[in-house]
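Working notes for the structure below.
The values are calculated or read from the model by the stated rules, or taken from the named source; none is laboratory data. Remember, predicted model here, so these are calculated numbers, not experimental data. Here Cβ is always computed from backbone atoms with ideal geometry, including for glycine, and neighbour counts include all displayed protein chains.
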Amino acid sequence: MSQAHAHTPVDTAEQADLRAAVAAFGRDNLSTPAPDLWAKAGKLGYLGVNLPEAYGGGGGGIAELSIVLEELGAAGCPLLMLVVSPAICGTVIARYGTDAQKSRWLPGLADGSLTMAFGITEPDAGSNSHRITTTARRDGSDWVLTGRKVFISGVDIADATLIVGRTEDTRTGKLKPCLFIVPGGTPGFSYHHIPMELAANEKQFEVVMDAVRLPADALVGDEDAGLAQLFAGLNPERIMTAAFALGMGRHALAKAVDYARTRQVWKEPIGAHQAIAHPLAQAHIEVELARLMMAKAAYLYDAGEDAAAGEAANMAKYAAGEAAVKAVDQAVHTLGGNGLTEEYGLAKLITAARVARIAPVSREMILNFVSHQTLGLPKSY
Ligand SMILES: Cc1cc2nc3c(=O)[nH]c(=O)nc-3n(C[C@H](O)[C@H](O)[C@H](O)COP(=O)(O)OP(=O)(O)OC[C@H]3O[C@@H](n4cnc5c(N)ncnc54)[C@H](O)[C@@H]3O)c2cc1C
């Protein structure tokens, strides 16, 4: 199974080498604790493959970073913070940060010695990010940030959090999105753990910002170009969530196929029964289709086609989330009772796969996007 997945027809020779190297690294490090795995992957240059060479990165793109996450997931040791730290935060800083911000953050994000979390979701806004109320007010040359975020991954291990807030447009009075780097430990910035029914190394947190005072250079990029800058980070997030989901789907299917080949309760292994084989074949096809869409989205994004990449990234995230949920469900079922044992480690993927259906943008919000933006249908909300 894993052999059949080793390459995609769209990999360049370098990408195929990277894929093979990360897959081997993942297999060799299955029992390495997550923080050590992160550090080791950083030293090997895997965490910063998408970041500029001038700042210690590999000079590749989201295509390369998605290969890293997909292969780690396929091996069974995904690193969720890849979605956030190098993909969202690293990309936004590399594209829109000042030279000082790039020098301060990118080398560390690339080698894994620094980690950055990302906070957009708010309790009273949820999927409607136009409703976020975290507000940055000017005070002299400083900014004062006030608001609340929920479900923010990895705040406990992050050196800083990239926060999506709003500033007031002096001409229109309207609030517009802006991005701020908030270092951990800044007075007024606090967080607490949200217990989740997820078996994952990365934890989620509620973040409270109570008049957090930040220097002028905490603002990333141009105060007036907030939305474009934000999407420069959100499209990689969607592509990387697809990679996370597809790695998990492949991992679950590989386990199920191995089991179905050898488990025998009648005269043939259970994999000979088409009731077992066909759903696995179907899940495999759906994972492969989603991988192609992910590759398309990454290609468009790396080519600078932001608008086309937005549509493709949404579709890839949708397809990958659905394919992963289905693959995991079928894998669990294939193992019968063993599908629910700790020994085989598949049942815990049931909730983990659901993350990709909900976050960072839910299945329904992608269907809304495609209905309105692609098909031109009217909006209900
Ligand atoms: C494990 C995990 C990690 C996360 N990490 C981060 C992080 O690091 N940073 C961050 O900022 N956020 C993070 N999130 C938050 C995530 O992005 C949100 O949960 C997600 O955007 C959905 O928002 P919500 O939970 O408020 O759901 P809601 O917006 O309340 O939606 C609830 C349900 O209603 C549906 N719905 C809402 N509006 C519509 C509509 N107009 N039409 C049809 N259906 C609709 C949704 O599809 C969904 O099924 C994380 C979430 C999880 C579960």
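Observations on the model:
- Among (1) under 27 Å from residue 222 (Cβ atoms); (2) part of a loop (DSSP other than H, G, I, E, B); (3) within 15 Å of the ligand (Cβ to nearest atom), the one test that residue 88 misses: (2)
- Pair list, Cβ under 7 Å, 6 or more apart: region 59-85 residue in the same structural domain as residue 331 (by TED's automatic domain parsing), other residue away from the ligand (no atom under 16 Å from the Cβ) and of a type in the set (Phe, Trp, Tyr): none
- Pairs linking a residue in region 363-381 that is without any contact (Cβ under 8 Å) to a residue 12 or more places away in the chain and assigned to a helix (DSSP H, G or I) to a residue that is loosely packed, with under 10 Cβ neighbours inside 10 Å and basic (Lys, Arg), with Cβ atoms under 6 Å and 6 or more positions apart or on different chains, are 372/379.
- Answer from 91, 98, 32, 115 - the residue that is of a type in the set (Ser, Thr, Tyr) and in contact with a Ser or Thr (Cβ under 9 Å, 6 or more places away or on another chain): 115
- Taking the criterion of being assigned to a loop (DSSP other than H, G, I, E, B), surrounded by 15 or more Cβ atoms within 10 Å (Cβ to Cβ) and more than 19 Å from the chain's Cα centre (by Cα), the only residue of region 191-222 that qualifies is 221.
- Scanning region 75-85 for residues that are closer than 17 Å to residue 44 by Cβ and in a helix (DSSP H, G or I) gives 75, 81, 82, 85.
- Flag: residue 353 matches the condition of being buried (at least 17 other Cβ atoms within 10 Å of the Cβ) and under 17 Å from residue 286 (Cα atoms).
- Qualifying residue in region 338-351 (condition: within 16 Å of the ligand (Cβ to nearest atom), among the aliphatic types (A, V, I, L, M) and in a helix (DSSP H, G or I)): yes
- Residue within region 262-272 that is part of a helix (DSSP H, G or I), in contact with a strand residue (DSSP E or B) (Cβ under 8 Å, 6 or more places away or on another chain) and without any contact (Cβ under 8 Å) to a residue 24 or more places away in the chain present: yes
- Tally of residues being surrounded by fewer than 19 Cβ atoms within 10 Å (Cβ to Cβ) and within 10 Å of the ligand (Cβ to nearest atom) across region 360-381: 10
- Answer from 313, 319, 324 - the residue that is more than 11 Å from the ligand (Cβ to nearest atom), in contact (Cβ under 8 Å) with a residue 60 or more places away in the chain and touching a Gly at 6+ places or on another chain (Cβ under 6 Å): 324
- Yes/no for residue 139 being under 22 Å from residue 36 (Cα atoms) and of a type in the set (Asp, Glu): no
- Flag if residue 220 is more than 15 Å from the ligand (Cβ to nearest atom) and either at pLDDT 95 or above or not assigned by TED's automatic domain parsing to the domain that holds residue 299 (or both): yes
- Screening residue 290 on (1) over 22 Å from residue 129 (Cα atoms); (2) surrounded by 23 or more Cβ atoms within 10 Å (Cβ to Cβ); (3) in contact (Cβ under 8 Å) with a residue 60 or more places away in the chain shows it passes everything except condition (3).
Rundown of residues vs (1) more than 25 Å from residue 79 (Cα to Cα); (2) at pLDDT 95 or above; (3) small (Gly, Ala, Ser); (4) within 11 Å of the ligand (Cβ to nearest atom), yes/no style:
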| residue | (1), (2), (3), (4) |
| --- | --- |
| 101 | no, yes, no, no |
| 104 | no, yes, no, no |
| 114 | no, yes, no, no |
| 130 | yes, no, no, no |
| 133 | yes, no, no, no |
| 137 | yes, no, no, no |
| 145 | yes, yes, no, no |
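- When residue 176 is tested against (1) of a type outside the set (Ser, Thr, Tyr); (2) within 13 Å of the ligand (Cβ to nearest atom); (3) not in a loop (DSSP other than H, G, I, E, B), only condition (2) is not met.
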